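The values are calculated or read from the model by the stated rules, or taken from the named source; none is laboratory data. Quick caveat, the model's predicted, so the values are computed rather than measured. As a convention, Cβ positions derive from the backbone with ideal geometry for all residues, glycine included, and neighbour counts pool all protein chains shown.
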Amino acid sequence: MIRYAGDAELLRALMAAGSPVVVQQQRRGSDGAHFRTVNGYSAGLCLISDPLLSPALRPSADRLAELWAYHNGAYLVAFPPAKAADVQRILGSDYSAAANWQHLQAHEAQDVKARPQDQGHPAAG
């Protein structure tokens, strides 16, 4: 399931439920998408598997959020059918693709207001 406007709190909840999450992030010096699997979270650090750099990176939650924001907090959560109810509970209304799209639009509108001079952010566009 692919959704947008993810944040560290959501990652922690999905990790606690045993659902790894793939996040879409910006690579340094590139506008292209880069995908990393978040396998855990502890003491303000994320445990990330990066196919290009290392199977065990540990960026801070703030650094993860910075790289993740460029692609609108896009994430993929994979789960077996038996965990669908848990994931639905964690995502709440974002479980619905239509509701998640509305959440993303509201999130981006707030982001543009908060950072109107940030022309590097896709929402400023």
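A few comments on the model shown:
- Ala69 hydrophobic (A, V, I, L, M, F, W, C) and free of Cβ contacts under 8 Å to residues at least 12 places away in the same chain: no
- Residue satisfying condition, being closer than 14 Å to Val23 by Cα, of a type in the set (A, V, I, L, M, F, W, C) and part of a helix (DSSP H, G or I), within set Leu76, Leu47, Leu67, Leu104: Leu67
- Across segment 53-90, the qualifying residues are those that are of a type in the set (Ser, Thr, Tyr) and surrounded by fewer than 18 Cβ atoms within 10 Å (Cβ to Cβ), and the one among them that is farthest from Ala8 (Cα to Cα) is Ser54.
- Residues in segment 14-32 that are of a type in the set (A, V, I, L, M, F, W, C) and free of Cβ contacts under 8 Å to residues at least 40 places away in the same chain: Met15, Ala16.
- Of the residues making up segment 79-96, at least one is part of a loop (DSSP other than H, G, I, E, B), under 18 Å from Asn39 (Cα atoms) and modelled with pLDDT under 95.
- Scanning segment 22-29 for residues that are at pLDDT 80 or above and either more than 26 Å from Gln105 (Cβ to Cβ) or touching a helix residue (DSSP H, G or I) at 6+ places or on another chain (Cβ under 9 Å) (or both) turns up at least one hit.
- Here segment 1-26 is the region considered, the condition is being part of a strand (DSSP E or B) and not hydrophobic (A, V, I, L, M, F, W, C), and the residue that is surrounded by the fewest Cβ atoms within 10 Å (Cβ to Cβ) is Gln26.
- Condition met for Ser93 (surrounded by fewer than 12 Cβ atoms within 10 Å (Cβ to Cβ), of a type outside the set (D, E, K, R) and without any contact (Cβ under 8 Å) to a residue 24 or more places away in the chain): yes
- Inclusion of Gln102 among residues that are touching a Phe, Trp or Tyr at 6+ places or on another chain (Cβ under 7 Å), surrounded by 12 or more Cβ atoms within 10 Å (Cβ to Cβ) and at pLDDT 85 or above is not warranted.
- Restricting Ala13, Ala8 to those that are small (Gly, Ala, Ser) and either within 11 Å of the chain's Cα centre (by Cα) or modelled with pLDDT under 80 (or both) reduces the list to Ala8.
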